[in-house]
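Presented below is the structure to which this report refers.
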Amino acid sequence: MTRPSSGEVLAKSAPSGLGRILDHRVLLSIAVLALLPWLLPSKALAVNVLIYGVVVMGYNLLFGYTGLLSFGQAAFFGAGAYFTGIAIGRYGVPWFAAVPIAVLLSTGLAALIGVVSTRTRGIYFSMVTLALAQLVYYVALQAASFTGGENGLRGFTVDRISLFGLQVNFLDPVNKYYVLMGFAGLAMWFQSRILNSPFGAVIEAIRENEQRARACGYDVERSKLVVFMLSGAISSLGGCMLALHLSIVPLDILHYQTSGMIVMMVLLGGARSFFGPFVGAASFLILEDVVSLWTPHWQIFVGAIFVLFVLFLPKGIWGTLLDAIGVGKARQ
Amino acid sequence: MSGELLRAEGIGKRFGGFVALEDITLSFAAGQLTSIIGPNGAGKSTFFNILSGALTPTSGKLHFRGRALNGLPQHRFVHQGISRSYQITNIFPDLSVHENVRVAAQALTVSYDIWRNRARLTELNTRADSALDAVGLLAKRNELAKFLSHGQQRALEIAIALVSEPELLLLDEPTAGMGPEETKDMVALLERLADKRTVLLVEHKMKMVLGLSKRVVVLHHGRLLADGAPYEIRSNPDVRRVYLGQSEGYG
């Protein structure tokens, strides 16, 4: 048998047609998101899909790709929002500087929570992240002079922003959407890079078999801490977007219900798929929108649909769709 | 001994009140295949877990190439040149066969790089493919590991251990659960491996061990019972009493 060179084998394995198009996942995702405001019933809903999509995408890195079920992702979503609001409102930092500062500070928070939680495994990891995220919630509740406590953080409004010398009215929903889409695009590009990187291979190996990954020579605990921080950083960017969008930060976004919603969104859309988080965020928010029109008990219906998904479509909407058109395996 | 690679000095391991290993002193020379045998519960797996860093001995010292290994976390053992396979197949089931080996090759050089595209690290790809070639799995490189047959998965695990170019390869029952055909393939593979590197083998199949090994170490109740060439082991009365007598013809 002549041994094929690895180039030949790679060429044989390269997906053709549709698969090749899907290789440009970041550009494709941005193209779809660019159409979103014109497809959804309201611009406000489209902005929320962007924001939650980014938060859930960051979470997907931790849950979908590394296999760590955290119930505390709201802490970083909230941290991004609060740090942005506090930087702008209290310290007069311009918005474009407030965002990276908030992401850095949130990553620091993720390091603190990660150092404690990544030492535990399974249900203990879930519980520790839940408890520490609730701790962040209560700190935000008590430190009212900084955070506005129960009333949420107010007093910072970004109404006009200048982009490359161009004055943009940020109160206009379309302008707002496309500015925030820029952030989402940045987050997607960053996440895609991580997934394609050597470290992206390490987290998948840890998800698949922690013991083997360790025996291969990886420091599993440290790798988990790193991915926990990266995941927190990306989710916190969603928080920054929320703060810019609402001009207030409601205390609720730190609550564990938000963490639970993030978990539901990733499972609805499809964990371990690149665009799944946006599909999950969109489905969840549309469902909430539609069902809450005719009953205040919308959560019953969303919950029931969620159960059906877990039972019958464990790969979520997007993951199942990719499988159906035959590129799911190639994607993973 | 000249060319000594690994030395275990008075290794002991207790789990609570249970003594799994007691006072094991052994030296392994570079470049030969040694088998560790013994009845169930003899302490073979415990000894292996200590040699690969998965367990810390309660007493005693390990020296590898003259360097003490005590206190080193498990993931550093590979970086020292000690690599292992497991008794129960231990692979990355949902990754491709190629990626299983590629990610193992990567551990020695890049772990925390979140920037470069791993598809462009061609040297790692080539190394992974040649390790797959060595165990006869190159044709299966693009399949998911979970779809391989049992024997192929065992071979894949050896490729995973092999790709780090270990100086010491620890194989824990590589033929466990295999039929005669698969066992034959595996024995051929082990013979090829033993040509080039130091291999320590834990095995149950007696005939296979005696045929393959240059040296056989027998453990019994956590203690060293015998140590010598296969023909010495075969005629050792203690070994016959505790082990061979009950399982000769086995495998």
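The values are calculated or read from the model by the stated rules, or taken from the named source; none is laboratory data. Bear in mind the structure is a predicted one, so any value in this text is a computation, not a measurement. Neighbour counts are summed over all protein chains in view; Cβ atoms, including those assigned to glycine, are modelled from backbone coordinates with ideal geometry.
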Residues within region A:161-218 that are of a type in the set (A, V, I, L, M, F, W, C), more than 19 Å from the chain's Cα centre (by Cα) and surrounded by fewer than 20 Cβ atoms within 10 Å (Cβ to Cβ), tallied = 7
Flagged pairs (Cβ under 8 angstrom, 6 or more apart or on separate chains; first in region A:213-237, without any contact (Cβ under 8 Å) to a residue 12 or more places away in the chain; second of a type in the set (D, E, K, R)) are A:Ala215/B:Arg84; A:Gly217/B:Arg76
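This table checks each residue for (1) buried (at least 21 other Cβ atoms within 10 Å of the Cβ); (2) more than 18 Å from the chain's Cα centre (by Cα); (3) within 14 Å of chain A (Cβ to nearest Cβ).
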position: B:Gly16; (1), (2), (3): no, yes, no
position: B:Leu26; (1), (2), (3): no, no, no
position: B:Ala54; (1), (2), (3): no, no, yes
position: B:Gly60; (1), (2), (3): no, yes, no
position: B:Trp115; (1), (2), (3): no, yes, yes
position: B:Glu123; (1), (2), (3): no, yes, yes
Within region B:98-110, restricting to residues that are of a type in the set (Val, Ile, Thr) and over 20 Å from the mean Cα position of the chain (by Cα), the one that is nearest to the other protein chains (Cβ to nearest Cβ) is B:Val110
In region A:226-272, which residues are touching an Asp or Glu at 6+ places or on another chain (Cβ under 9 Å), of a type outside the set (A, V, I, L, M) and modelled with pLDDT of 95 or more?
-> A:Thr258
Any residue in region A:264-291 that's among the basic types (Lys, Arg): show its pairings with residues that are outside any helix (DSSP H, G or I) at Cβ separation under 9 Å, as long as the two are six or more apart or on different chains.
-> A:Arg272/A:Lys315; A:Arg272/A:Gln332
All positions within region A:89-112 that are more than 17 Å from A:Gly238 (Cβ to Cβ) and buried (at least 17 other Cβ atoms within 10 Å of the Cβ) | A:Gly89, A:Val93
Looking only at region A:132-153, decide whether some residue is exposed (fewer than 15 other Cβ atoms within 10 Å of the Cβ) and either modelled with pLDDT under 90 or not in a helix (DSSP H, G or I) (or both).
-> yes
Within region A:109-125, is even one residue among the aliphatic types (A, V, I, L, M), within 26 Å of A:Met264 (Cα to Cα), assigned to a loop (DSSP other than H, G, I, E, B) and under 16 Å from the mean Cα position of the chain (by Cα)?
-> no
Note on region B:77-97: residues touching a residue at least 60 places away in the same chain (Cβ under 8 Å) and at the interface with chain A (Cβ under 7 Å from one of its Cβ atoms) are B:Val78, B:Arg84, B:Asn90, B:Ile91
Name every residue in region B:125-140 that is within 7 Å of chain A (Cβ to nearest Cβ) and more than 22 Å from A:Ile206 (Cβ to Cβ), in order of residue number.
-> B:Thr126, B:Asp129, B:Asp133, B:Leu138
Condition met for B:Ala20 (surrounded by 18 or more Cβ atoms within 10 Å (Cβ to Cβ), at pLDDT below 95 and in contact with a Ser or Thr (Cβ under 9 Å, 6 or more places away or on another chain)) | yes
Residue ID - nearest to A:Thr84 (Cα to Cα), chosen from residues in region A:243-254 that are in a loop (DSSP other than H, G, I, E, B) and of a type outside the set (A, V, I, L, M, F, W, C) = A:Ser247
Checking B:Phe47 against (1) closer than 26 Å to B:Glu232 by Cβ; (2) surrounded by fewer than 18 Cβ atoms within 10 Å (Cβ to Cβ), which test does it fail?
-> (2)
Looking only at region A:317-331, decide whether some residue is within 28 Å of A:Thr157 (Cα to Cα) and of a type outside the set (Val, Ile, Thr).
-> no
Which one is surrounded by the most Cβ atoms within 10 Å (Cβ to Cβ) among residues in region B:217-235 that are closer than 14 Å to B:Met206 by Cβ and touching a helix residue (DSSP H, G or I) at 6+ places or on another chain (Cβ under 7 Å)?
-> B:Ile233
With (1) over 24 Å from the mean Cα position of the chain (by Cα); (2) assigned to a loop (DSSP other than H, G, I, E, B) as the list, and A:Val158 as the residue in question, which single condition is left unmet?
-> (1)
Scan region A:53-90 residue by residue and report those that are within 30 Å of A:Asn209 (Cα to Cα) and among the hydroxyl-bearing types (Ser, Thr, Tyr).
-> A:Tyr59, A:Tyr65, A:Thr66, A:Ser70
Out of (1) closer than 30 Å to B:Ile233 by Cβ; (2) touching a Leu at 6+ places or on another chain (Cβ under 9 Å), the one B:Ala105 does not meet is (1)
